[in-house]
């Protein structure tokens, strides 16, 4: 029995679809704070849904009853994720789960991105748990860069603090396929550094947007502080602006780059080029 914790999120839904296609709906459990959100959402409605709230530990062990292999998708409550993940790991131990796969961050052990610290702490909790585990150290999603193309095209500029850093991103669907593959086939102890086959700089990204949109779009590099201020200026909360600015600036040091092609090897096909995702977003 396979379970996906965080199943109602964008990544979780894609993993569910992969698992159902490979193992059958009867072997898959969807764990979510509100399983009702999976109803009418494609494959999510086919699988057994159980309430599992990272902030309510009492819901977790019952939700994991009978589960042998668990995918723990990292929570989105930055600053609270270590305690949330610990609650899930403790519940998995209590429920007798035999393997945990965890969605970490690319090169978590050495990454200078601020978000990496909670992932490092979670990886340490997994090592201390005694349960066999797999680390899915995911790079960034293509979709992180294509979610707000309309205003960028309208203004003719994409801003950031990434300099000439290389970014080897892939789609959520690529990472979902990797998660399902690892959950089914891993023996425990694997550490996968997952990133796209090809990398781009933000200037190259802007050039591709310009080409596909048929309008001039340039990349404007800023300091970390100026980029954070710009994000706040368009309405983002201060903590989120600082987090995004930090990630962008650290990517200037190739913190989001990996050339191992581990992801494509794991899923048995090339990863999705950023140009394909830009084209889909523009369509």
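Can you name every one of the strands (runs of 3 or more DSSP E) wholly within the range 20-84 that holds 2 or more residues which are surrounded by fewer than 21 Cβ atoms within 10 Å (Cβ to Cβ)? Once the strands (runs of 3 or more DSSP E) in the range 20-84 are filtered for at least 2 residues that are surrounded by fewer than 21 Cβ atoms within 10 Å (Cβ to Cβ), what remains is 48-51. Note on the range 232-242: residues that are in contact with a helix residue (DSSP H, G or I) (Cβ under 9 Å, 6 or more places away or on another chain) and within 25 Å of residue 107 (Cβ to Cβ) amount to 3. Residues that are surrounded by fewer than 23 Cβ atoms within 10 Å (Cβ to Cβ) and touching a residue at least 24 places away in the same chain (Cβ under 8 Å) within the range 109-125 comprise 111, 112, 113, 114, 115, 121, 125, listed in sequence order. Condition test on residue 170, is it under 28 Å from residue 110 (Cα atoms) and without any contact (Cβ under 8 Å) to a residue 24 or more places away in the chain? Judged against the criteria, residue 170 is not a match. Within the range 85-114, being assigned to a loop (DSSP other than H, G, I, E, B) and more than 15 Å from the chain's Cα centre (by Cα) holds for 96, 97, 98, 109, 110, 111, 112, 114.
Read-outs: derived from the displayed coordinates by stated rules, not from any lab. What you see is a predicted model, and the numbers here were worked out from it, not measured in a lab. Methodologically, a virtual Cβ is constructed for each residue, glycine included, from the backbone with ideal geometry; neighbour enumeration extends over all protein chains shown.
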